[in-house]
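Report on one structure; see the data block that follows.
The values are calculated or read from the model by the stated rules, or taken from the named source; none is laboratory data. Bear in mind that the values here come from a model prediction, so they are computed numbers and not experimental data. Heads up, the Cβs are rebuilt from the backbone with ideal geometry, glycines too, and the neighbour counts pull from every protein chain shown. All accessible areas refer to the heavy atoms of the entire protein, side chains included, with ligands and DNA or RNA removed. Shrake-Rupley method; radii C 1.70, N 1.55, O 1.52, S 1.80 Å.
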Amino acid sequence: MALITKAIKGTQDVLPALSHENQYVEETMLRVASRYGFHEIRTPVFEHTELFQRGVGDTTDVVQKEMYTFEDKGGRSITLRPEGTAGAVRAFLEHGLFNEALPQKVSYLTSCYRYEKPQAGRLREFHQFGVECLGAPAPSADAELIGLAHTIFETLGVGDLALEINSIGCPECRKQYHAALKAYFAAHETELCETCRERLQKNPMRILDCKSPVCSAVAADAPVVLDYLCEDCKTHFDAVQAHLDAMMIPYVVNPRIVRGLDYYTRTVFEFVSSGIGAQGTVCGGGRYDGLVEELGGPHVPSLGFALGIERLLLVMHSQGIEFPQPDPCMLYIATMGERAALAAASVAQDLRASDFPVEVDVCGRSLKAQMKYAGKIGAQYTLVLGDDEIDRGVYALKDMTSGEVTQIAADEFLETFIEKAILAMESDLKEMFGLEEK
Ligand code: ATP
Ligand code: MG
């Protein structure tokens, strides 16, 4: 029985009292992204397991340890998406979007699933906002993408995030770097964790991303990828920085960032917070020029980033950022008796259809209990309807802030209320923009 009322470890509910925070950040991110030409794509929560093995990379922690993989009733291996890029690229290929005008710029809000050790900022079901820019080889695309993330944080009022960038080169220059890394780590093989000893053979760059303190200590003196960049990759990285400078976006070059997914080439970046503990990376991304080909498509140089919603909210809370409050109840109609209930239902239905938040009694409670409830939900106006009001055809509207009561003829109520509400909103707006003292 206990299992039924307990959510799965590493998942979390967003209750109605707080969901406006998620809605606010999500709407803001989609809106800012659309200013940069990114429009929403929605892909399924599960895909064929092979897509992630190929798309995320066999040697990554995500594929090796973290995926929720199961067989469906038809015997197919299915995986709940651990990230959003693979699905977006799959859709890009399946629908032949590479034949349309390039770049194709997509954004998404997705739930992601990774079997990780749950802790602050690390969940098994979490949510990402992400963007992918498919078919854009120029360094201006890298800077534009970073600029988009920067603007999102700025719009939300999030301060104190460090932007760290690096280039991990192309497969050509990486050959030499891999050789140098292999030689370095081979000399320290006995100090490495078991997983990293395996990584040493398959993908030595992964060791740089290992979370174990011992491996991190060994990695601290490892050769640095920037010293191995070919001319083209160097020129590209310089141009990305020149664009960021032109856009006045502050950053630091951190040659130790390699990112956790296999498909990255050239530019990689992270936005890191120092205020929420160990899981400080709020947003990570970079260029993945080889991924579309890897998944069976043409050569389409591309890039993207993903931003963890839960970590972003942790940062915003730690910085005391205020969220816009959802619209409060504008009118509560308390009723006594059947005739009043019918009149209230009609008024409420009309006002709600005109976009005003209105509540009526749906519990059959006493007048006193109804008014208590109106107070709890912070209703701005109340109306009490009984046989007397219905017979007289006059309603008494009470402003709950000022206490002022206005008598309104029943057949003029809708019009008068809407006028009043609009006047109140206008005055609030004027006050907000400092146009008039209230
Ligand atoms: P980390 O190094 O923290 O494990 P990652 O490199 O695995 O992160 P990405 O795959 O790049 O992360 O995902 C992008 C973003 O998604 C991260 O920067 C983070 O904000 C968020 N994220 C990743 N994994 C989790 C998780 N298990 N729980 C909550 N948010 C997560
Ligand atoms: Mg991870």
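Counting only DSSP H runs of at least 4 residues, each contributing -39500 (n - 2.57), and dividing by the residue count of the chain, the helix-based mean residue ellipticity at 222 nm comes to -12000 deg cm²/dmol. Using heavy atoms of the protein chains and a probe of 1.4 Å, the accessible area assigned to Val218 is about 10 Å². Basic side chains Lys and Arg get +1 at the Cβ, acidic Asp and Glu get -1 at the Cβ, and with that the dipole of the chain about its Cα centre reaches some 1640 debye.
Please express the shape of segment 1-142 as an equivalent ellipsoid: the semi-axes are the square roots of 5 times the eigenvalues of the C-alpha gyration tensor, given largest first in whole angstrom. If you can, show how the numbers build up before the last one.
Working: eigenvalues 158, 98, 36 Å².
With the √(5λ) rule applied to segment 1-142, the semi-axes are 28, 22, 13 Å.
Across the alpha-carbon set of segment 256-299, the Rg to Rh ratio works out to 1.12, Rh being the Kirkwood radius. Using a simple spin-label model with pseudo-atoms 7 Å out from Cα toward Cβ, Asp327 and Lys202 lie 5.3 nm apart. Rg and Dmax over the alpha-carbon atoms of the chain stand at 28.1, 94 Å.
For His150, His236, His39, the ranking by accessible surface with the largest value first comes to His39, His150, His236, using a 1.4 Å probe.
When only alpha carbons of segment 117-227 are considered, Rg and Dmax amount to 17.7, 48 Å.
Charged neighbours of Arg392, selected by a Cβ distance under 13 Å, balance to -4 (K, R count +1; D, E count -1). Between Ser346 and His48, residue separation times 0.36 nm minus the direct Cα-Cα distance comes to 102.2 nm. In square angstrom, rounded to the nearest 10, how much accessible surface does Lys398 have for a 1.4 Å probe? Counting only protein heavy atoms, Lys398 exposes about 80 Å² to solvent.
Take Met247, Met29 and sort them by solvent-accessible surface of the protein heavy atoms, 1.4 Å probe, largest at the top. Intermediate results must be reported in sequence, preceding the final value.
Details: Met247 80, Met29 0 Å².
Largest accessible area first, the residues go Met247, Met29.
Ligands, DNA and RNA are left out, and with a 1.4 angstrom probe the accessible area of segment 8-96 is 55 Å² per residue. With the simple spin-label model, which puts each label point 7 Å out from Cα in the Cβ direction, the Glu412 to Leu429 separation comes to 2.5 nm. The charge dipole of segment 331-425, taken about the Cα centre with unit charges on the Cβ atoms of Lys, Arg (+1) and Asp, Glu (-1), comes to about 500 debye, rounded to the nearest 20.
Grouping the Cα pair distances of segment 226-320 into 5 Å bins from zero gives a pair-distance distribution of 3, 11, 18, 21, 19, 14, 9, 4, 1, 0 percent in increasing distance order.
At a 1.4 Å probe, what is the % contribution of carbon and sulfur to the accessible area of segment 214-333? All intermediate terms of the calculation are to be shown ahead of the outcome.
On the way: 2640 of 4870 Å².
That share works out to 54 percent.
Averaged per residue, segment 331-425 has 57 square angstrom of accessible surface, using a 1.4 angstrom probe with ligands and nucleic acids left out.
Beyond 29 Å in Cα-Cα separation lie the following of the pairs Lys9/Lys73; Lys368/Lys420; Lys73/Lys202; Lys105/Lys175; Lys9/Lys202; Lys73/Lys211: Lys73/Lys202; Lys105/Lys175; Lys9/Lys202; Lys73/Lys211.
Diffusion coefficient of segment 331-425 by Stokes-Einstein, Kirkwood radius over Cα pairs, 10 °C, 1.306 mPa s: 120 µm²/s. Pairs of Cα atoms nearer than 8 Å and 6+ residues apart set the relative contact order; for the chain it is 14 percent.
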